[in-house]
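Participant: Let me give you the structure first, and then I'll get to my questions.
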């Protein structure tokens, strides 16, 4: 068991902040279960421990599964940028379509240019997406 704890401590070492203890416990339990399974299959405790650690991978392999804060922030910023772009394109399509319909059926609507209401009403969507994007960049 001490070899497993040393291995886990090496992996976790100053990487995960406040959730470090919980993660250590989970990884230790997972590896210990693997060792127990291998012992039940007929391996010695030492061989089972070595095999479980070898199959688990080295510290770099394990840490690749956990993105850093910078990687998470980049991903969020990229997502917000995509949302902003989508909202702007959609806004332009909706406004363009409303202007087209209003001007095409001008006789039906009379002199009431209702597309102005649509322009201002739908404008809050890309404005909200811009706000979310700028907050993500902070």
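The numbers here are math on the coordinates, done by the rules we state, and not lab data. Being a predicted model, the structure only gives us computed values, none of them experimental. All Cβ positions, glycine included, derive from the backbone under ideal geometry; neighbour counts span all protein chains shown.
Participant: Among 40, 45, rank each residue by its count of other Cβ atoms within 10 Å, from fewest to most, as a rough exposure measure.
Facilitator: Going from least to most buried by this count: 40, 45.
Participant: In nm, give the distance between the simple-model label positions of residue 25 and residue 117, each being 7 Å from the Cα along the Cα-to-Cβ direction.
Facilitator: Those two pseudo-labels are separated by 5.9 nm.
Participant: Would you work out the Kirkwood radius for region 69-137? I mean one over the mean of 1/r across all pairs of different Cα atoms, in Å.
Facilitator: 13.6
Participant: If each residue's Cβ is checked for other Cβ atoms within 10 Å, how do 44, 90 rank with the fewest at the top?
Facilitator: 44, 90
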